[in-house]
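Only one structure is covered here, and it is reproduced in the block below.
What follows is calculated from the coordinates using simple rules that are stated; it is not laboratory data. Given the structure is predicted, the values throughout are model-derived calculations rather than measurements. We place every Cβ from the backbone using ideal geometry, glycine too, and count neighbours over all the protein chains shown.
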Amino acid sequence: MASQLTEVVFRPFQQLQEQQLAPMTIHKLQVHGATNTRRSLLDPIFSPLVSDAANSGSTLGDVTNRLRDASHKLDRLGIFHPSPQIFLNSAQQTDPSSTPTDVDIDIALRELPRYKFNAGTDVGNAEGNAYTSLLCRNLFGGAELLNLHASAGTRTRSSYSAELSAPVLPASDSDGRLALEVLSSATDRPWASHEQVLRSATLRYAFRAPRTAASHTLEYSAAWRQLTSLAASASPTVRADAGDSFKSSLRHVFHLDCRDNPQLPQSGYAVRSVFELAGLGPLGGDVSFSKSELELSAATPLAPSWLRNTSLGAGLRLGMLYPLAPGLVSSGRGAPASRINDRFTLGGPTDVRGFALGGLGPHDGPDAVGGDVFAAASVNLLLPVPRTAPDSSLRFHLFANGGRLVAMKNRDKNAGGGASASTAAAGGLDAGSVARGMWGAVSDLVRGPPSVAAGLGIVYAHPVARFELNFSLPLILRRGEVGTKGVQVGVGINFL
């Protein structure tokens, strides 16, 4: 009886395997519905399917896999409706000279609308915006995308951008895309008593590493920044950096996200790193530095059945801003002190909860003036809300987080050792002063406990962003830092 049952269960799988191994070759392939798309875009995707090398000794399984890969490449172009219809017919119906294993394939594509207009509200890290956008697809028939965007909000008073992008090597598995973006914005920074006006142009190449979930972005950016609209109470540090600044930089972003849910992770991990190099040699500009950031996060479910939908998560962020050595600066002068435009800020409802925006780190009077080295970490416990569905987007959470943000010290004897880099002499620092100052900043970072806060709250994971309503209590607070005891609201897409 057992052997008969095994035969009944196994036979369908055996038949399926035999069908996949049946000989099949593609005799002719036709694409329908791509009326606004250039053939030069589609040929690299479909031509390999009908090549002699691909059809030599191919089977039904091989043809199916090649069609599936081509379908995925079409989906990633962003100009067609997903899952195109594919029809297979015996080639002998139209060409008696073909072999019995030859098939004709017809692929029916449906192009997405060429223009898409949106208007609504948007949420980011600790701010909200009203926006309008216009997306133009397949602008010149090569899967180009033109995105025009305008917004106004609580912190970014106005922002206008235009981005034109096009695929590079669409037949590859890298999803490579080249983009040119221009941006104009005015952002209020109340934690430092000023407004920043930004005009920038960025050339960007984004691609995915083959056979992995990792993505890379390479950028060149030229940005004119202006610190303006200073408050009457603005500190001397902010006033010293007021005015114009030009940054010319190269930037690399690496991102790998293996979590099951980025907003409510139950398991998995994520890695993100950013490296920026400004003012090196021919790049020019009036700021010169290297800036590195690393972000790690992980989550794991708790095993007992009564802890269903309960997970333990942790996050770590590190960053360093290092002024370039004199030999690397195009002007030949000493490395300049870092500017408030480029320094890190830390604290707020989306990173170190329980502190005000920019509440951690160096302050000059009421102003958060940022730092050059930071470390922040968190641990949190996500708990299900009683009487909610297992896949509910609502959770309770308990958290504890902390961090330190410090400024590089000017250790040069002639500059009044101990002065912060933001108040260094206009002539800049030499290489030895920079090295000693950064070593001092790192020593300060690990000396003594970090500023810490803990609390509890409720989390809602919307497809657009994550919402948190927390009650926080600062436990360790340094002089000058600004904690937030009580209720704090966080809205964003990237939380510590």
Query raised in the report: Rounded if a/c is under 1.5, else prolate if a/b is larger than b/c, else oblate: which is region 16-108, with a ≥ b ≥ c the root eigenvalues of its Cα gyration tensor?
Result: prolate
Query raised in the report: Taking the simple approach of a point 7 Å from Cα along Cα-to-Cβ for both residue 242 and residue 391, what is their distance in nm?
Result: 5.6
Query - Potential extension, residue 76-residue 35 segment - 0.36 nm per residue separation minus Cα distance - result: 12.9 nm
Report summary line: For residue 291, counting only lysines whose alpha-carbon sits under 29 Å away and dropping same-chain residues fewer than eight positions off, the answer is 247, 409, 413
**Report entry** In nm, spacing of pseudo-spin labels at residue 464 and residue 209 (7 Å Cα→C-beta vector)
**Finding:** 3.4
Report task. Could you tally the net charge around residue 197, taking each other residue with its Cβ under 15 Å from the Cβ of residue 197, Lys/Arg +1 and Asp/Glu -1? Result -> +3
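Would you please give the FRET efficiency between residue 157 and residue 69, computed as 1/(1 + (r/R0)^6) with r the Cβ-Cβ distance and R0 = 35 Å, to the nearest 0.05? Working shown, then result.
Values: r = 46 Å, r/R0 = 1.33.
After rounding, the FRET efficiency stands at 0.15.
Using Cβ counts within 10 Å as a stand-in for footprinting exposure, how do 114, 353, 76, 317 rank, fewest first? The partial results should precede the final answer.
On the way: 114 12, 353 28, 76 15, 317 21.
With the fewest neighbours first, 114, 353, 76, 317 line up as 114, 76, 317, 353.
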Report task. Report ³J(HN,Hα) in whole Hz for each residue of region 475-486, in order, from the Karplus equation J = 6.51 cos²θ - 1.76 cosθ + 1.60 where θ = phi - 60°; Gly and Pro get x. Result -> 9, 10, 9, 8, 4, x, 6, 10, x, 10, 8, x
Report summary line: When 50, 434 are ranked with the fewest other C-beta atoms within 10 Å first, the list becomes 50, 434
Query - Counting DSSP beta bridges with both ends in region 16-108, the antiparallel % (nearest 5) - result: 50
Query raised in the report: When 355, 46 are ordered from fewest to most other Cβ atoms inside 10 Å of their Cβ, what list results?
Result: 46, 355
Query raised in the report: What residues of region 53-71 lie in the reach of a label at residue 21, counting those whose backbone N is under 19 Å from a point 7 Å from the Cα along Cα→Cβ?
Result: 56-65
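Report the extension gain between residue 169 and residue 139 in nm, rounded to one decimal, defined as 0.36 nm multiplied by the number of residues separating them, less their alpha carbon distance. All intermediate terms of the calculation are to be shown ahead of the outcome.
Working: separation 30, 0.36 × 30 = 10.80 nm, distance 1.75 nm.
Computed gain between residue 169 and residue 139 is 9.0 nm.
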Query raised in the report: Simple spin-label model, 7 Å along Cα-to-Cβ: residue 286 to residue 271 in nm?
Result: 3.9
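Report the gain in length on full extension from residue 59 to residue 443: 0.36 nm times residue separation, minus Cα-Cα distance, nm rounded to one decimal. Spell out each step's value before the answer.
Working: separation 384, 0.36 × 384 = 138.24 nm, distance 6.40 nm.
The residue 59-residue 443 span can extend by a further 131.8 nm.
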